Amino acid sequence: MKQSILLLLLLTAACSRGPKMVNEVVAVAAAKLPTLPADSAWDAAPEHLAALLPQDLVEPRLATPSTPQIRVRSLTNGSEIAIRLEWEDASKSETPGPSKMVDACAIQIPEKMEKDLPEPQMGQEGKRVQVTYWRADWQATVDGRGDTIRDLYPNAAIDHYPFEAKPLEKGSDAQREMALRYSPARALGNIRSGPRAAPVEDLIATGPGTLSPGPSLGAAGKGVFAAKGWTVVIARKLPEGLSPNQRTSIAFAVWQGSQQESGARKMRSGWIPLVRRNQ
Amino acid sequence: MARVNNWQIGREMSYWYPEARPKKQFAAVFDTNKCIACQTCTLACKTTWTSGKGQEYMLWNNVETKPYGSYPLAYDLKLLDMLNGQAWNGNKYEGQTLFESAPAGERVLGWRPEQQDYAYPNVGEDDCANQVDHGAFLSLPHMNWFFYLARICNHCTYPACLASCPRGSIYKRPEDGIVLVDQNRCRGYQECVKGCPYKKVFFNPLTNTSEKCIACFPKVEQGIQPQCFVNCIGKIRMAGFLNKPEEARADNPIDYLVHIKKVALPLFPQFGLEPNVYYIPPIHAPASFNRQLFGPGAAEAMKIYRNAANDPDLAGLLCLFGSTEKMVTRFRRQGDLVTAVGDGGADLVRVPMHETVHIRPAIDPMNQLVRINIP
Ligand code: SF4
Ligand code: SF4
């Protein structure tokens with residue numbers, strides 16, 4: 001008798017503490033969308049546990065599976081949707097460099113709400129997918145890390161930058177223009193080439209290898225690393241046509257820098273239903 | 001994978017894309033026998049292209065002392081090890097190229113250097129291959145050896161960097177075969193860094209893109225040789241365009257050295273990329289070492305080069321190295337005079353094969369003084 005009371009007590013405690021689990025991603029209505037991963041507003045959203053698989057459909061594939069699953073919650077204010085992703089990661093990888101990949105995650109949603117879903121692997125010709133992508137090194141930049149080699153390698157020895165020599169004035173247009181000559185990606189406006197104002201980017205794809213900058217969906221985000229791993233909030237415009245109680249689909253991808261994951265070498269999910277609820 | 005023809009290994013091979021040779025192929029010949037490792041080429045490139053933030057460690061051009069020097073560290077030995085000693089049968093490579101030996105799930109057999117591998121731009125600089133015993137003195141032939149290997153991107157016919165990129169961000173220009181990373185399309189996955197066996201693509205951590213030698217294409221487009229060529233103190237380099245072996249022209253300098261004389265050889269042809277920088281092997285290094293680097297033609301090439309004094313066309317053409325900043329697309333020799341001809345057919349420069357030498361006697365008879373040489 002004593003034992004069963006104890007069991008009952010334990011069970012109630014577990015239920016009240018643990019999140020409500022659901023087998024699809026449920027975007028719950030919220031007056032205001034939280035921007036921080038630790039906001040208590042997330043408690044209102046049920047949790048979905050999404051299993052991840054290694055990307056093994058196109059070369060280069062991910063040979064060794066890493067992140068097995070992510071925990072997902074979602075909230076919507078009727079015009080935007082916020083998704084919180086949590087995954088375990090033993091090491092924080094936020095410094096890019098030769099053979100140094102960075103932690104990252106992404107959500108993928110079909111551009112159009114159609115019965116026939118696009119290929120879960122980056123969409124397909126005629127059926128575009130919208131990807132919102134977050135990266136740990138961009139987060140570090142947004143959180144205040146500087147844009148010099150010494151910010152990445154504190155002991156770096158630098159001989160000379162021609163654009164930092166006299167007679168060019170510090171901070172002058174002439175100096176900026178000359179520095180750009182040695183930074184072709186920035187000169188061309190490659191959105192990945194920083195320095196970043198946001199840790200996320202809006203992308204569009206029609207199949208593997210086609211990822212490119214997409215029309216702005218107002219992507220925003222914030223990632224925080226703690227002992228267990230990453231918790232990242234990604235927000236963007238609500239998928240077009242997603243009225244209350246309607247369904248679209250969502251897919252996830254996670255990259256662990258410490259496992260040399262980048263680009264096609266990633267853990268990813270298939271399509272998971274995404275439903276909008278009023279409460 | 002497609003089947004393509006690679007003349008450097010004497011057979012067809014598998015490649016990620018079908019054969020698509022450019023209209024013209026940018027190519028170069030480096031005479032290793034003349035390089036003095038002054039690194040002027042390295043600096044010429046560095047100041048022109050890689051003085052920016054995030055490019056600090058990059059050397060699109062580097063010069064390494066062989067046998068030990070390698071940048072990044074052991075780039076060559078690691079791959080040779082991975083290929084595990086495969087065989088040539090005459091001029092046909094019977095082993096597997098990097099494309100053919102790609103493990104499941106990969107596009108190319110490769111490895112990615114760690115950051116510390118870039119910390120030794122020329123390990124073993126000026127170190128010779130063996131211990132020099134106490135009491136040894138200089139004798140000929142040298143009991144020991146080393147030589148300098150200058151390296152840039154090979155603007156390969158079958159680039160592994162290009163094949164490795166899952167986004168198609170790397171392209172080979174149809175007009176001149178120069179291989180470029182589209183800096184707008186690149187997303188910094190570093191697959192090309194892993195794929196290129198010569199390790200001539202570098203990741204820029206501040207722009208999150210991979211960057212590589214561009215063969216100074218703005219100069220090449222104007223018929224001028226790249227920076228590392230025109231600044232070469234040893235005059236070891238000549239840039240031009242290479243035809244397929246069956247279309248070789250005897251008056252095209254690169255065709256002549258590569259296809260006709262076969263005195264200039266590709267670096268690690270067994271990798272299967274058909275690299276387009278060709279080396280005249282160092283004649284004082286062992287033929288076995290040259291064979292490992294430059295393939296089965298090495299011993300013969302050494303012989304031909306040694307005999308250059310009796311081969312006026314070859315000797316004449318070698319005199320044109322470093323004689324003009326223009327790209328030399330044709331050459332001709334009349335007696336002792338060699339002429340470099342440019343793209344438009346105009347003569348660029350005429351060089352005598354022998355220059356008149358005046359030797360002053362050590363004693364000045366008029367003043368009865370010993371002359372002192374003042375540099
Ligand atoms: S040498 Fe390397 S970087 Fe250059 S074209 Fe060949 S594979 Fe690409
Ligand atoms: S400039 Fe010429 S001689 Fe000097 S290191 Fe470079 S290739 Fe060799």
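Quick notes on this structure:
- Look at (1) farther than 23 Å from residue B:74 by Cβ; (2) open to solvent by 10 Å² or more (accessible area, probe 1.4 Å); (3) facing another protein chain (nearest Cβ under 9 Å) and you find that residue B:207 fails only one, number (2).
- Put simply, of B:333, B:360, B:350 the only residue that is more than 19 Å from residue B:316 (Cα to Cα) and charged (D, E, K, R) is B:360.
- Within the range B:209-231, being within 16 Å of ligand 2 (Cβ to nearest atom) and of a type in the set (A, V, I, L, M, F, W, C) holds for B:213, B:215, B:216, B:228, B:229, B:230.
- Filtering the range B:130-157 to residues that are crowded, with 24+ Cβ neighbours inside 10 Å and away from ligand 2 (no atom under 16 Å from the Cβ) leaves B:155, B:156, B:157.
- Filter result (modelled with pLDDT of 95 or more and open to solvent by 70 Å² or more (accessible area, probe 1.4 Å)) within the range A:58-78: A:61, A:64, A:65, A:68, A:69, A:71
- The set of residues in the range B:86-120 being within 12 Å of chain A (Cβ to nearest Cβ) and not in a loop (DSSP other than H, G, I, E, B) consists of B:115, B:116, B:117, B:118, B:119.
- Selection of the range B:310-361 for residues being under 20 Å from residue B:31 (Cβ atoms), among the acidic types (Asp, Glu) and modelled with pLDDT under 95 yields only B:355.
- Sole exception among (1) open to solvent by less than 40 Å² (accessible area, probe 1.4 Å); (2) modelled with pLDDT of 95 or more; (3) in contact with a strand residue (DSSP E or B) (Cβ under 9 Å, 6 or more places away or on another chain) for residue A:214, by number: (2)
- Checking each residue in the range B:45-75 for being open to solvent by less than 10 Å² (accessible area, probe 1.4 Å) and either more than 14 Å from chain A (Cβ to nearest Cβ) or touching a Cys at 6+ places or on another chain (Cβ under 6 Å) (or both) picks out B:61, B:62, B:63, B:64, B:65, B:66, B:69, B:70.
- 2 or more residues within 21 Å of residue B:153 (Cα to Cα) and open to solvent by less than 70 Å² (accessible area, probe 1.4 Å): qualifying helices (runs of 4 or more DSSP H) within the range B:262-375: B:287-294
- Residue tally, condition closer than 15 Å to residue B:235 by Cα and more than 12 Å from ligand 2 (Cβ to nearest atom), over the range B:35-50: 0
Results for (1) in contact (Cβ under 8 Å) with a residue 12 or more places away in the chain; (2) open to solvent by 30 Å² or more (accessible area, probe 1.4 Å); (3) part of a strand (DSSP E or B), shown as yes or no for each residue.
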| position | (1), (2), (3) |
| --- | --- |
| A:222 | yes, yes, yes |
| A:234 | yes, no, yes |
| A:244 | yes, yes, no |
| A:249 | yes, no, yes |
| A:254 | yes, no, yes |
| A:258 | yes, yes, no |
| A:261 | yes, no, no |
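The values are calculated or read from the model by the stated rules, or taken from the named source; none is laboratory data. Please read all numbers here as calculations on a predicted model, not as lab measurements. Glycine gets a Cβ as well: all are built from the backbone with ideal geometry, and neighbour counts include every protein chain shown. Heads up: the accessible areas ignore ligands, DNA and RNA and are worked out on the full protein's heavy atoms, side chains in. Shrake-Rupley method; radii C 1.70, N 1.55, O 1.52, S 1.80 Å.
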